[in-house]
Amino acid sequence: MDGRGVIWTQFILAAALARTARAVLERAPASALDAEVVFSYADTHGGSGRIEPPDMLAAVLAHRSDFTMPSFHQAMIPATAGHPGSWVLAGRVVAGLGQARLAFEADVNDIAPEIIATAQGNREIGWTRFWSHDWFQFLRNRIAMLNRPDFVFIDPPPDDPRGPGYAIDAAILLDTMGVPYMVSYPVASPQEPIDEIGRTGLELHRRDGGGDDWGCGVLLGGGGEAVVLDVLADLHHLATVLGGELVVRLPRAPLDDYCI
């Protein structure tokens, strides 16, 4: 995924996390107004938590006032070496909501132990538990725990031949359990995964329509899809800043109960 894909994915992730975290706080019992409310995030391919600053990040940040969803831009404010990876971004988004009762915890998985060792030094906010498993095994183990995650980010590597199939299984499972999630995918992916999952894909494409491997896409479900209508206007603008266009990919299966 190139720098534009990183920005696209993280912008949508930040908006979805902010909305989901607010909902978790609102559902907390009114009888315990002073009690801590934990927002639990799970990342199947967390990486080290630091990446190279994406291309065109400066251009996106320069247009901050043009966006209605502030979470991504707010998460860029801490001055640290490198750009935040997805789980570091998640912690910043939750902390940036300014809700004193809301605490952040994360379960971060990566198959490479050396990456996890580096990640342990990049923790910023809240409590983080690190895993090093096959990502689907990690997800099954994590959702089997008593405190299920409040949000799951599934980012299969493009060279994993099992990734698309596992992502379908994971998405259907999380939809069934009502766990909000987001799945990333390359725009060259076939239509079948979108049809099987039954969710709308939000894709960044080249403006001239060429180069199917140029952009990226995400889909949300399990309740996380509630942010789609909120973020559509911003995504049109973000795509323009990134030199592309927003393409909304719809399921093409004979079912009547699809939702965004």
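For the chain, modelled as a Gaussian network with Cα springs under 10 Å, which listed residue fluctuates most, G222, G121, G243?
G121
Could you sort the peptides 19-29, 88-98, 38-48, 232-242 by per-residue average Cβ neighbour count (10 Å cutoff), highest mean leading?
For the peptides 19-29, 88-98, 38-48, 232-242, the packing ranking is 38-48, 88-98, 232-242, 19-29.
At 1.4 Å probe size, with every protein chain present, just tell me what the per residue accessible area of the range 78-178 comes to in Å².
About 46 Å² of surface per residue is accessible.
Taking the chain as a Gaussian network, where each spring joins two C-alpha atoms under 10 Å apart, which residue of E196, E105, E36 fluctuates the most?
E36
What does the C-alpha gyration tensor say about the overall shape of the range 52-142? Classify as rounded when a/c is under 1.5, otherwise prolate if a/b is larger than b/c, or oblate.
Here the range 52-142 falls in the prolate category.
What distance in nm lies between label points placed 7 Å from Cα along the C-beta direction at H63 and D230?
It works out to 2.1 nm between the two label points.
Quick one, which of (i) 36, 29, 15; (ii) 25, 22, 20; (iii) 57, 26, 15 is the actual semi-axes √(5λ) of the Cα gyration tensor in Å calculated for this model?
Computing semi-axes √(5λ) of the Cα gyration tensor in Å and matching it to (i) 36, 29, 15; (ii) 25, 22, 20; (iii) 57, 26, 15 gives (ii).
For an R0 of 45 angstrom, estimate the FRET efficiency from the Cβ-Cβ distance between E52 and L25 and round to the nearest 0.05.
Approximately 0.85, to the nearest 0.05.
At 1.4 Å probe size, with the rest of the protein present, what percent of the exposed accessible area of the range 24-173 is carbon and sulfur atoms?
Of all accessible area on the range 24-173, carbon and sulfur atoms account for 55 percent.
Would you calculate the separation in nanometres between label points at R148 and I77, each defined as 7 Å from the Cα along the Cα-to-beta-carbon direction?
The two pseudo-label positions are separated by 3.4 nm.
Using packing as a proxy for protection, rank 122-129, 10-17, 147-154, 63-70 so that the peptide with the highest average count of other Cβ atoms within 10 Å comes first.
10-17, 147-154, 122-129, 63-70
The values are calculated or read from the model by the stated rules, or taken from the named source; none is laboratory data. Just so we're clear, the structure is a prediction, and the values are computed from it rather than from any experiment. A quick note on method: Cβ atoms are made from the backbone with ideal geometry, for glycine too, and the neighbour counts reach across all protein chains shown. Side chains included, ligands, DNA and RNA excluded: accessible areas come from the protein's heavy atoms. Shrake-Rupley method; radii C 1.70, N 1.55, O 1.52, S 1.80 Å.
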